[in-house]
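The values are calculated or read from the model by the stated rules, or taken from the named source; none is laboratory data. Source: prediction; values computed, not measured. Cβ placement follows ideal geometry from the backbone for every residue including glycine, while neighbour counts extend to all protein chains displayed. Side chains included, ligands, DNA and RNA excluded: accessible areas come from the protein's heavy atoms. Shrake-Rupley method; radii C 1.70, N 1.55, O 1.52, S 1.80 Å.
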Amino acid sequence: MPVPTIEWVGGVGGHVRLLDQTKLPVERLFIDCKDAETMWEAIRSLRVRGAPAIGIAAAMGLVLGVQGKNAPDTDTFLDEVEEVADYLATARPTAVNLFWALDRMKRVAHEAADLPLDDLKQRLLDEANAIREEDRAVCRSIGRHGAELIGEDCTVLTHCNAGGLATADYGTALACIYSAHEQGKSVSVFADETRPLLQGARLTAWELMEAGIDITLICDSAAALVMSQGKIDIVIVGADRIAANGDAANKIGTYGLSLLAGEHDVPFYVAAPLSTFDLATPTGDGIPIEERSGDEITCGFGLRTAPDGVHTYCPAFDVTPAHHISGIITEKGIISYPTTKGIADHFREAER
Ligand code: MRU
């Protein structure tokens, strides 16, 4: 399976090693993050990206931020934990896994506050590693459920990268494809290149080729034609945040794909772990959408492709309304035609 996206090296005084995804597919470069600032920059500049991977990075970043602190007492240490968490939370706004992981780390710090400082730091590192390990299992489970939707001879369209690179191991949308492939099904993939940062071209195409899965790269604007030609059996994408009613934020262009899928009677599925749901946000209107520098459109990868000084608008995500979604695949099963009630029931069932 894919190269490790992110891992902790050593003990409490150790560091994070991550695959710099900005360099793919040209170079397989690993970088070491030894402090919270380097991790913040890695998240912000998409060296590590994809909602679950961002969550893992934030949890490990929190350990980096407190590992060297010699607080005189526990209260001071807990204040430092909060401070580092608040700082890391500013790295990117949309993927809720970032906030979910930081909240979990803060909760653990408070629950383990009776421990001596060194043990408390070890407890935080254990939790960050647990978040990563759980994500591996979650991805496998999403894959198993999603594979049920993939026929014996099936072509899947996907957008951005919701694969092993975006998680601890196997991905969400791509997990369904890997799982079906492992079951011996004949699965082909069409990947949108995903302007402006080309996660589909640089990452999904690379990752699927490494895994030996048949992949055809298309321009984002070719998706309508490809669907009208009957080449696509199912669309499966990931998500960065899913509101309580099922409205799902994902990479810019996903909403448009859902409309195209509806027009062409192609089922449209979102694959995401329960940690990507934001049940405190009732609808997609409340999901913060990251806006990135217009340079990503006009001068992507250092090549100027638009006049200097042109006005730009560069939202990194959009929200697909729940009524355009055929189902949401989680580690606990599939929520068909998601509604607030269907999602609440799914969570209740998951807690049993
Ligand atoms: O800006 P990115 O590359 O972090 O955007 C990633 C996506 O939109 C993914 O589809 C999403 O995070 C799901 S990853 C399993």
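Annotations for the structure displayed:
- Structure remark: mean-square fluctuation, Gaussian network model of the chain, C-alpha springs under 10 Å; the largest value among R241, R47, R304 belongs to R304.
- Fraction of alpha-carbon pairs over 22 Å apart in the range 1-125 - percent: 31 percent
- Kirkwood Rh (inverse of mean 1/r, distinct Cα pairs), the range 143-351, angstrom: 17.3 Å
- Inverse of mean 1/r across different Cα pairs in the range 93-146, Kirkwood, Å: 12.5 Å
- Cα-based helix-to-principal-axis angle, 340-351 vs the chain, degrees rounded to 10: 50 degrees
- The C-alpha atoms of the chain define a longest principal axis, and helix 51-66 lies at about 10 degrees to it.
- For the range 84-175, the set of GluC sites (Glu not before Pro) satisfying both a DSSP loop assignment and a count of at most 12 other C-beta atoms within 10 Å is given as E152.
- Under the shape rule built on the C-alpha gyration tensor, where the axes satisfy a ≥ b ≥ c, the range 224-345 is oblate, since a/c reaches at least 1.5 while a/b does not exceed b/c.
- Heavy-atom accessible surface of the range 218-288: percent carbon and sulfur, 1.4 Å: 53 percent
- Efficiency of FRET from Cβ geometry, E349 and T312, R₀ 35 Å, rounded to 0.05: 0.20
- Computed from backbone phi, the HN-Hα couplings of the range 322-339 come to 4, 6, 9, 9, 6, x, 10, 9, 10, 5, 9, x, 10, 9, 6, 6, x, 9 Hz, rounded to whole numbers (Karplus: 6.51 cos²θ - 1.76 cosθ + 1.60, θ = phi - 60°; Gly and Pro given as x).
- Descending principal axes extents, the chain, alpha-carbon based, whole Å: 67, 54, 38
- Rg and Dmax of the range 114-224, based on Cα coordinates, read 17.2, 59 Å.
- All-pairs Cα distance distribution in the range 138-195, expressed in whole percent, bin size 5 Å: 5, 23, 30, 25, 14, 3, 0
- Taking every alpha-carbon pair under 8 Å whose residues sit at least 6 apart, the chain reaches a relative contact order of 16 percent.
- For the range 143-351, the solvent-accessible area works out to 40 Å² per residue, with a probe of 1.4 Å and every protein chain left in place.
- Crossing angle, helix 173-182 versus the chain [Cα axis fit, 0-90 degrees, rounded to tens]: 70 degrees
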